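The block underneath contains the structure these notes are about, expressed in structure tokens.
FYI, it's all coordinate maths here, none of it is from the lab. Since we're looking at a predicted model, the values are computed, not measured. Don't worry about glycine lacking a Cβ; one is built from the backbone with ideal geometry, like all the others, and counts go over all protein chains shown.
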Amino acid sequence: MHEDVEEKIVCLLEEILKWIRFQGWRNVKDVLIDVLTDDLSKLIYHYSDGRSSREIAQKVSVSHVTVLRYWRKWAKVGIVEPIRVGGGTRYRKMFELEDFGIEVPEMEKEAEA
């Protein structure tokens, strides 16, 4: 009997989660489009997957301070989450751009190497 109740609760929670995701999808897409207005911001966001600001900066040819500025701005609107690493904090994207139909710009061949 106890397992039956747990199973019903899990099913209900899954149904609630499905509707929350559905409802929030448009809002998230609008925020991403409003905030990621150029190729550089899209690339920095795309590479914000736990990498350091210096790694991302080197990859997209900007200073690490530029990456940090973007991270702080994005943290305020809730599209990245902080992760503690060593003695500091990095930020990880909360959404994949492709999931919202937002194209990740291609980088020049020299920059990718």
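Some notes on this structure:
- Looking only at segment 1-57, and only at residues there that are closer than 16 Å to W71 by Cα and aromatic (F, W, Y), the one that is surrounded by the most Cβ atoms within 10 Å (Cβ to Cβ): Y45
- On inspection, I102 qualifies as surrounded by 14 or more Cβ atoms within 10 Å (Cβ to Cβ), outside any helix (DSSP H, G or I) and not basic (K, R).
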